[in-house]
Each structure stands twice: as structure tokens, then as C-alpha cells.
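**Student:** Below: one structure in C-alpha cells.
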Amino acid sequence: MMKVLEETIDVVENSFVRKALESGQKIVGYTCLATPREIFDAAGLFPYRIKALGKGETEMADAYLSRFNCGFCRSCLQLGMDGTYDFLEGMIETNGCDHLRGMFENWQHVAPRPFFHYLRVPHLIDDDSRDWFIDELERLIEALQEYFGVAIEPEQLTAAIETQDRIAEKFKKIYESRWGQRFKVTGSEIMSLMLAEGSLPSADFEKLLDDFAEELDRRKALSYSARLFMGGAATDEVELVAGLEELGGLAVADHFCFSGRAYRRDTTATEPLGKLAEIYLKNLLCPRMFMNYADRKAFVSEKIAQSGAEGAILFHNKFCDLHGIENVKLRLDLEEEGIPVLVLEKEYGAAADIGRLKTRVQAFLERITRIKR
Ligand code: SF4
């Protein structure tokens, strides 16, 4: 794997973060996919997507966010409390889910960041919520301008949107390169790319995509025993996905929060804030969104059909109701369409759990092999 990718999936404070700090650039942390990074790019700030990179230690965090909460959130809080994220000048809380809110509010209570803003993301997708979200984005822009002493002009937002559109097209090309019978990139590498997306400045990430595409051209095709769709909340656990892919089933499409969910950027708006509201709200494939299951199901079925996936593995962290409930419904609907589905509930970042998960996946791959005969 490329050195840059290895570093970004292994350490939180990577070399790009250190370079930014040395140059005096301010870094703002966010977690939820509904947070438009274009606004920070337009402000000359470095948006960093908070993650725990599969590090499951939570002894300090558990005193604030009990063990009946999502392990991903407790692990991020732990890194907030032990100083790992002290390089953040600011943090953007979103109401992604109650666990995430608990993480942010305890974090800001125990190890406050100088700048803290709460971006409220609607749960419904309609014209009223779109307009409401535009107001929320304006509130965010005002808060950033005031605290960081910057000006965020519509032209800068438009330029930042064009950059992200270009980057999204390059990511899609690599993501879809798995849809032929012969392909050269694994699901865990695709996830690594999206982890890098949230750990690098946009210009450096775009260069990384270009370099990665060039490296792919030089590679041989991968061998595999089954084509899989992977989804739900494996959060940011690249090692977990890589460990499961070692069994021979490779992910040819996914809708992970730290991967395929960033796939769509559809919008019909003309002015920048309207575009951002649509891109980040209407395309939000997260089970936190009310009355939108049909759209999420359609996305999953479409990606399974386009990629030729022969089965689906759906993950959720223990105590994650959103994905836990969604995965049950998705399994029933996909099995009805003849798609074999394996639902895996897991502890976050628990290396010990990988063995158990591998046994489940091995049996699932055997089931797919039997079906293919
Ligand atoms: S995995 Fe579930 S509980 Fe954890 S942050 Fe995501 S939605 Fe919330």
C-alpha cells in the first residue's frame, strides 16, 4: 500500500497535519459526513475528519460515556481526552446520532477546543429542511468568519465545490474499477482512500488519488473467490475489512460511512449554499435520516447490481441502534431479492473479535460458493 495511505490509516497526527501546524494553518475537526468540507477549504482552514483508526482503548472515556455507547464514539473521546487531538483549534458537533452528540459534549466539557460549533443537520429531506439547512450553513460560516477572522465569499465556495466535484469523480473511477471481472483494488484500500480524504488537505488528497490511479495501472489483477457488497457501520476499521477480505471475498462496492456513502453529490441548485445543502443533505445515505429508507435501499440494490456482488455483509457496532435496525430490514429485503446477506454485530476496534467475525464470514463465503454451483 502507498506510504501516504499507510500513514493516514495508522496515525491521527499525520505529516500533513504537522506541516499545516508548522505553516500556522488552523485545523478544525468534524465527524459526520453531513459536514461540508468546502466551507473550511473556502476559509483556508484544514478540515480533519475525527476518527479513532480502530484504536479501541476507552478507559478514560468510559467514565464520561458509558460502555453502553458506541465503541467508535468512546474511542474518539478517549483520543480527545489523552491529547491525541490537541492539534485541533476547533470542533464541529453534529447531531449525527445520540452517541456522537454524547462524544462531542463530553469532549468539549473535559478537553475543550478553543472554537466549538454545533451544526444541526435535519432528519428529513424536503424543501423546508433544505432551506433550514442553508440557514445552518450560514450560521456556521458566520461563526468561522468571526472566530478565525476570515472571509468566506460565494466565489470561494463555488471554487471549493468544483474541486470536490472533480475529486469525487476521481474517487468514483477507482471505486467503480472493481465492477469488471478483473480488478486491482480491494475494499479495504477504498476505505483507506476515504480515511485519507478526511485526513489530508483537499489538494494533497487529489494528488494522492492521481498517484493511486497511476499505481493501479501498473498492478496485476487480484484473485478472489467471491464478489461482496459491504455496508453499514464498519466505521473506520480498515484492518477489520482487510482481515475479512483475506478469506477471499473482496468488496466490489460498499456504503460505509467512511467510504461509499460519500459517493453521491447530486444537486440541481445554482448558488453555492443551495448546492452544499443538497449535496450534503439529499445525498446523506445514513439511517439517521427519517422516511428515506427506500432511497438507501435503492442505492444498495443499484450498487449490488452494477458491481455484480454475489452477497452482502452488513456491519454494526454494538449499541448502534441506527445501523442495527437498518441492517435487519436491509437483510430481509435483499434476501427476498435473492441476495445472500450476513449481518455482523461487533465491538469497535476489538482485535479479539476479528477471529469470531472471520469464522462467520468463512461460513458465508461457503454458502455463496454453494449457491454459485
Ligand atoms: S456507528 Fe452508529 S452509534 Fe456509532 S456514531 Fe455511527 S451511527 Fe452513531
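**Student:** May I ask you to list the trypsin sites (Lys or Arg not before Pro) in segment 78-146 that are in a DSSP loop and have at most 15 other Cβ atoms within 10 Å of their Cβ?
**Tutor:** Within segment 78-146, the qualifying trypsin sites (Lys or Arg not before Pro) (loop, at most 15 other Cβ atoms within 10 Å) are Arg120.
**Student:** Sorting Met291, Met230, Met2 by accessible area (1.4 Å probe), largest first, what list results?
**Tutor:** Order by accessible area, largest first: Met291, Met2, Met230.
**Student:** Expressed as a rounded percentage, what relative contact order does segment 255-343 have, with Cα pairs under 8 Å and six or more residues apart?
**Tutor:** After rounding, I find 21 percent.
**Student:** Can you give the accessible area of Lys19 in Å² (nearest 10), computed on protein heavy atoms with a 1.4 Å probe?
**Tutor:** Counting only protein heavy atoms, the figure is 120 Å².
**Student:** Determine the relative contact order of the chain: mean sequence separation of Cα pairs under 8 Å and six or more apart, normalised by residue count, in whole percent.
**Tutor:** 19 percent
**Student:** Report the longest stretch of the chain that contains none of the chymotrypsin sites (Phe, Trp or Tyr not before Pro) sitting in a DSSP loop with at most 13 other Cβ atoms within 10 Å.
**Tutor:** 69-289
**Student:** Reported to two decimal places, what Rg/Rh ratio describes segment 9-153 when computed on Cα atoms with Rh from the Kirkwood expression?
**Tutor:** Here the Rg-to-Rh quotient is 0.97.
**Student:** Using only the Cα atoms of the chain, what do you get for the radius of gyration and for Dmax, in Å?
**Tutor:** 19.8, 65
**Student:** Over 30 Å between C-alpha atoms is what I'm after, so list which of Lys184/Lys297; Lys26/Lys358; Lys172/Lys346; Lys19/Lys282 land there.
**Tutor:** From the list (Lys184/Lys297; Lys26/Lys358; Lys172/Lys346; Lys19/Lys282), the Cα-Cα distance tops 30 Å for Lys26/Lys358; Lys19/Lys282.
**Student:** Can I ask one more? Once the other residues with Cβ under 12 Å from the Cβ of Phe116 are scored (Lys, Arg +1; Asp, Glu -1), what is the net sum?
**Tutor:** Net of charged neighbours comes to -2.
**Student:** Right, another one. Can you compute the helix-only [θ] at 222 nm over the chain? Use -39500 (n - 2.57) per DSSP H run of at least 4 residues, normalise by all residues, nearest 500 deg cm²/dmol.
**Tutor:** Computed ellipticity for the chain at 222 nm equals -15500 deg cm²/dmol.
**Student:** Between Val150 and Met60, take the C-beta separation as r, use R0 = 41 Å, and let me know the FRET efficiency to the nearest 0.05.
**Tutor:** 0.75
The values are calculated or read from the model by the stated rules, or taken from the named source; none is laboratory data. In this text, all values refer to a predicted model and were calculated from it rather than measured experimentally. All Cβ positions, glycine included, derive from the backbone under ideal geometry; neighbour counts span all protein chains shown. We work out accessible area using only protein heavy atoms, side chains counted, and drop any ligands, DNA or RNA first. Shrake-Rupley method; radii C 1.70, N 1.55, O 1.52, S 1.80 Å.
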